[in-house]
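The values are calculated or read from the model by the stated rules, or taken from the named source; none is laboratory data. Keep in mind it's a predicted model, so treat the numbers as computed, not measured. Here Cβ is always computed from backbone atoms with ideal geometry, including for glycine, and neighbour counts include all displayed protein chains.
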Amino acid sequence: MSIGNIKTYPNNSRVAKAQIAAAYNGVTIDTENVEIPAVQTPEYLAKFPMGKVPVFESEKVNLFESSAIAYYAALQKEDTTLLGSSAIEKALVMQYIFFAENELLANIGGWIYPLLGYYPYIKPNVDAATDKVKRAMDALNKILANKTYLVGESVTLADISVACALSNAYTLVFDKAFRDQYKNVTRYFTTLIGKEHFKTFLPVQLCETPLKYVAPKKEKKETKKQEAAPKKEKKAAAPADDAEEAPKPAPKPKSKLDLLPPSKFIMDEWKRMYSNNDSDVAMKWFWENHDAEGYSLWKVDYKYNDELTLVFMSNNLIGGFFARLEMARKYAFGSLVVCGENNNNSISGYFLIRGQEVPFEVYDAADFGSYNFEKIEPAQYEEKKDEIYKYMAWEVEGFADGKIFK
Ligand SMILES: N[C@@H](CCC(=O)N[C@@H](CS)C(=O)NCC(=O)O)C(=O)O
């Protein structure tokens with residue numbers, strides 16, 4: 001018996017969640033393939049204002065959000081075992097549904113979608129998403145050390161949600177070397193996808209060669225050459241009024257950051273404040289004026305601290321990095337310090353950056369790859385305030401030298 005219809009694009013693992021849950025409960029859900037944006041008609045948007053897929057339609061209820069659709073499917077049998085059999089188990093099932101959505105699926109998307117060309121490829125953001133996936137996989141690997149299923153002794157919606165969230169990663173980027181680092185998760189995942197209902201709705205072929213980003217370098221060069229060629233021709237055949245024919249210089253590219261909504265926090269004002277006042281006064285102003293939507297804070301660590309030698313050379317390294325950040329001057333402020341002594345020191349600090357991502361103006365700097373940028377979320381500000389103060393005031397323990405990017 002069909003309980004309704006899901007509109008989706010083909011092979012959507014978000015839909016598989018509901019289909020597998022339905023199959024365990026002995027019911028079915030029809031599916032209809034649609035395309036975005038064609039499906040976003042006024043009628044569709046009236047029912048589903050997000051305008052996304054998948055959506056579920058039936059005589060009884062219309063639903064969006066794939067986890068809600070899967071939950072509805074899981075509720076279709078009175079004595080279903082899919083949702084846990086006690087308050088504790090039910091809460092655990094919810095825990096893993098949210099974990100699958102927020103810690104796995106969202107970050108796997110941040111890793112894979114730029115490789116598939118759905119989003120622009122911005123290396124630091126892909127690296128950050130990859131790290132978050134690894135963190136979640138580490139946790140899951142520990143949880144699964146002595147378990148076959150996440151909750152209780154049989155498949156629940158927790159397992160269905162987690163397996164569906166992992167499916168694209170196991171297909172596209174989790175190659176053997178990666179899988180071997182998370183043996184418990186891999187054993188768990190392969191057990192699940194070997195089960196009948198999973199096989200039907202979530203066919204997975206384990207990744208052999210992981211998807212990698214390929215920079216479109218050649219194309220760019222060729223285009224440049226092609227652009228350059230006609231110019232020469234023009235010069236050779238230049239008529240008397242060459243000046244009129246001369247191509248206008250390309251307009252200076254506008255930074256994406258200039259297109260962000262205006263912020264009450266004025267970077268120049270902050271830089272003046274920082275330069276002309278004691279740290280107490282400056283940092284008080286900073287937190288009173290900080291705009292967490294318009295700017296982000298980043299903890300920065302040099303990746304190769306164990307290779308640093310003399311303190312002055314480490315400080316020169318910071319100077320070199322800052323010199324290459326020229327394009328970011330309007331959008332960023334940072335304090336990097338050297339802590340320790342000759343032959344035993346490290347570089348770390350904080351950056352304030354316009355927007356919520358590490359922008360082109362920063363990650364394009366030649367040395368960027370040598371530094372780890374870890375975003376500090378607004379929820380962490382309170383806990384980090386003291387540390388940020390110390391880095392800005394150069395009062396960090398073991399402080400030896402430092403530089404300010406302003
Ligand atoms: N949290 C939602 C996410 C749905 C979603 O992001 N769907 C994407 C396709 S995977 C979409 O419809 N995107 C079109 C758009 O953003 O306009 C769910 O689980 O259903």
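Output yes when any residue across the stretch 318-334 is part of a strand (DSSP E or B), under 24 Å from Asp131 (Cβ atoms) and at pLDDT below 95, and no when none is. Scanning the stretch 318-334 turns up no residue that is part of a strand (DSSP E or B), under 24 Å from Asp131 (Cβ atoms) and at pLDDT below 95.
Only residues in the stretch 24-44 that are farther than 30 Å from Asp79 by Cβ count as the first member; pair them with residues that are away from the ligand (no atom under 11 Å from the Cβ) and hydrophobic (A, V, I, L, M, F, W, C), Cβ under 8 angstrom, at least 6 apart or cross-chain, and list the lot. Short answer, once both residue conditions are applied: none. What residue, among those in the stretch 48-62 that are surrounded by 14 or more Cβ atoms within 10 Å (Cβ to Cβ) and more than 9 Å from the ligand (Cβ to nearest atom), is nearest to Lys90 (Cα to Cα)? Result: Phe56. Restricted to the stretch 1-11, and to residues there that are part of a strand (DSSP E or B) and not charged (D, E, K, R), the residue that is nearest to the ligand (Cβ to nearest atom) is Thr8.
In the set Ile143, Ile160, only one residue is surrounded by 14 or more Cβ atoms within 10 Å (Cβ to Cβ), within 16 Å of the ligand (Cβ to nearest atom) and part of a helix (DSSP H, G or I); that residue is Ile160. Applying the selection to the stretch 64-75, what residues are hydrophobic (A, V, I, L, M, F, W, C) and surrounded by 21 or more Cβ atoms within 10 Å (Cβ to Cβ)? Residues satisfying the conditions are Ile69, Ala70, Ala73, Ala74. Exactly one residue out of Glu65, Glu101, Glu35 is of a type in the set (Asp, Glu) and either modelled with pLDDT under 95 or more than 14 Å from the ligand (Cβ to nearest atom) (or both), and it is Glu35.
Listed by first and then second residue, the pairs linking a residue in the stretch 98-109 that is charged (D, E, K, R) to a residue that is at pLDDT 95 or above and more than 10 Å from the ligand (Cβ to nearest atom), with Cβ atoms under 6 Å apart and 6 or more places separating them unless they lie on different chains, are Glu103/Ala136. Check the stretch 114-130 and report whether any residue there is touching a residue at least 60 places away in the same chain (Cβ under 8 Å) and aromatic (Phe, Trp, Tyr). Yes, there is a match, as at least one residue in the stretch 114-130 is touching a residue at least 60 places away in the same chain (Cβ under 8 Å) and aromatic (Phe, Trp, Tyr).
Regarding the stretch 278-301, can at least one residue be identified that is basic (Lys, Arg) and assigned to a strand (DSSP E or B)? Within the stretch 278-301 (the criterion being basic (Lys, Arg) and assigned to a strand (DSSP E or B)), the answer is yes, since at least one residue qualifies. Based on what the data block shows, is Ile88 surrounded by 20 or more Cβ atoms within 10 Å (Cβ to Cβ) and assigned to a helix (DSSP H, G or I)? The answer is no for Ile88. In the set (1) more than 10 Å from the ligand (Cβ to nearest atom); (2) of a type in the set (A, V, I, L, M, F, W, C); (3) farther than 29 Å from Leu211 by Cα, the condition left unmet by Trp111 is number (3). In the stretch 18-32 there is at least one residue that is within 12 Å of the ligand (Cβ to nearest atom), modelled with pLDDT of 95 or more and under 23 Å from Leu105 (Cβ atoms).
State yes or no: is Glu43 of a type in the set (Asp, Glu), away from the ligand (no atom under 11 Å from the Cβ) and surrounded by fewer than 20 Cβ atoms within 10 Å (Cβ to Cβ)? It is true that Glu43 is of a type in the set (Asp, Glu), away from the ligand (no atom under 11 Å from the Cβ) and surrounded by fewer than 20 Cβ atoms within 10 Å (Cβ to Cβ). Would you confirm whether or not the stretch 98-107 contains a residue that is aromatic (Phe, Trp, Tyr) and in a helix (DSSP H, G or I)? Yes; the residues of the stretch 98-107 include at least one that is aromatic (Phe, Trp, Tyr) and in a helix (DSSP H, G or I).
Figure legend. Inter-residue proximity from the stretch 163-179: first residues charged (D, E, K, R), second residues crowded, with 17+ Cβ neighbours inside 10 Å and in a helix (DSSP H, G or I), beta-carbon distance below 8 Å, spacing 6+ or different chains. Indicated pairs: Arg179/Tyr170; Arg179/Thr186. Kindly establish whether Val93 is hydrophobic (A, V, I, L, M, F, W, C), buried (at least 16 other Cβ atoms within 10 Å of the Cβ) and either at pLDDT below 95 or assigned by TED's automatic domain parsing to the domain that holds Thr156 (or both). So Val93 fits the description; yes.
Is it true that some residue in the stretch 352-369 is small (Gly, Ala, Ser) and surrounded by 15 or more Cβ atoms within 10 Å (Cβ to Cβ)? The answer is yes; a qualifying residue exists.
Just one of the numbered conditions (1) part of a helix (DSSP H, G or I); (2) in contact (Cβ under 8 Å) with a residue 12 or more places away in the chain; (3) under 25 Å from Val15 (Cβ atoms) is not true of Lys199: (2). Could you grab me the full set of residues in the stretch 331-372 that are in contact with a helix residue (DSSP H, G or I) (Cβ under 6 Å, 6 or more places away or on another chain) and either without any contact (Cβ under 8 Å) to a residue 40 or more places away in the chain or more than 23 Å from Trp285 (Cα to Cα) (or both)? The answer is Val338, Asn342, Asn345, Ser346, Ile347, Glu357, Val358, Pro359, Glu361, Val362, Tyr363, Asp367.
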